[in-house]
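As structure tokens, the structure follows; a few thoughts come after it.
Read the figures in this text as sums done on the coordinates, not as results from a lab. Predicted, not measured: the structure shown is a model, and the values here were computed from it. Neighbour counts run over all protein chains shown; Cβ positions are idealised from the backbone, glycine included.
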Amino acid sequence: MFMKHLLRLLSIPVSAFRRFFFLLLLISFASGFAPFGAVSAQAAVSISDDFGNEIALQGPAKRIVALYGSFNEILYGMDLGDRLVARTAADHYPEQITALPSIGTHMRPNPELIVALKPDLVLQMAGRSQAATALEPLKERGIPCAMFKVASFEEMFSMIRRLGVLTGESDAAGRLIDSMNGRLDKVLQKYVTSSVLPSVFFEIRYPNLLAAGQDSIVNDIIRHAGGFNCVSNRKKIVRMGEEELMRLNPQNYVYQTGRMNPSPVRPDERSHFRLIDAVRNKRILKVDESVFSRPGPRNVEAVEILADFLLNNKEK
């Protein structure tokens, strides 16, 4: 009503104003501009991934395919699980993810299935060379792909911040990081009380023994829990001779169960391991591979579990 009175005072017919306003809207849309507040909602976002690739999106990602389970956990931790449109065959956590269609494996996803889902972002975790190769057919089809490498909490937090940018949810990313950091600080205050750090050996697989090296999230979990990784090799995964294990003679032996180590024999049931201090003193801890070896929010739980074990020296 106010507008009609104003137009009369300005001697502009209402019908003419409506035609002018409608024409203005058409010009705005044709020029690529959105009217009023829609511009900020669809603002372009961009980041650089851990391999120097620029990922630029016309707006925050709404349809995401994650080729590694860590991203599912992080996005659910940011309350963005509804933006995931697929999973890999190995993904079963969080439980809600199992309702999504499977698009193959981490290393060998099916490009046709992914393209059919019309994602605006694909996320991959670096590992073997096949991880990068799996992205090539998707990039060729014009799908934005980001790949990350995580071997520490700081690198994980950096990745989460960038996921916050790509999804337009930087505040949610910040809240997740603050929550994780708060729990890590509590571990430091409660458990890490000695300047003499106990040595830890982390078994990834047995037999054909593989251990966690320095360039792994496990190494940072051990550090935050108040121990030190006795394997000094800079690699992520280290092939370990049993003679070298005897030489290292760790005070604590941690072995995982999961896809990489499906049915390991307990270290104290391996006759040739009984000379190791950790075995003789019953300092043996069995852990879940997905909690300890897969970078994600549950790594804080891994720190809490290991810190409690190292402090109390209880067999688990």
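Once the Cβ-Cβ distance between ALA43 and ARG234 is put in as r, and R0 is 51 Å, what FRET efficiency do you end up with, to the nearest 0.05?
Details: r = 41 Å, r/R0 = 0.80.
Working from the Cβ atoms, E equals 0.80.
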Apply the Karplus parameterisation 6.51 cos²θ - 1.76 cosθ + 1.60, with θ equal to phi minus 60°, to every residue of segment 139-145 and state each ³J(HN,Hα) to the nearest whole Hz, in sequence, with x for glycine and proline.
5, 4, 8, x, 8, x, 10
Residues meeting the amide H criterion for ARG205 (H placed from the backbone, H to H distance under 5 Å, 5 or more places apart or on another chain) are LEU210
Using modelled backbone amide H atoms (1.01 Å from N, in-plane), which distant-in-sequence or interchain residues come within less than 5 Å of LYS235's amide H?
GLN214, ASP215
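Specify whether the C-alpha gyration tensor of segment 250-303 places it in the rounded, prolate or oblate class, a ≥ b ≥ c being the square roots of the eigenvalues: rounded for a/c under 1.5, otherwise prolate if a/b is larger than b/c and oblate if not. Don't jump to the answer; show the numbers that get you there.
Details: a/c = 3.74, a/b = 1.76, b/c = 2.13.
Note, shape of segment 250-303 comes out oblate.
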GluC sites (Glu not before Pro) within segment 220-250: which are DSSP loop residues with at most 15 other Cβ atoms inside 10 Å?
none
Applying the gyration tensor rule to the Cα atoms of segment 155-211 (axes a ≥ b ≥ c; rounded if a/c under 1.5, else prolate if a/b exceeds b/c, else oblate), the class is oblate
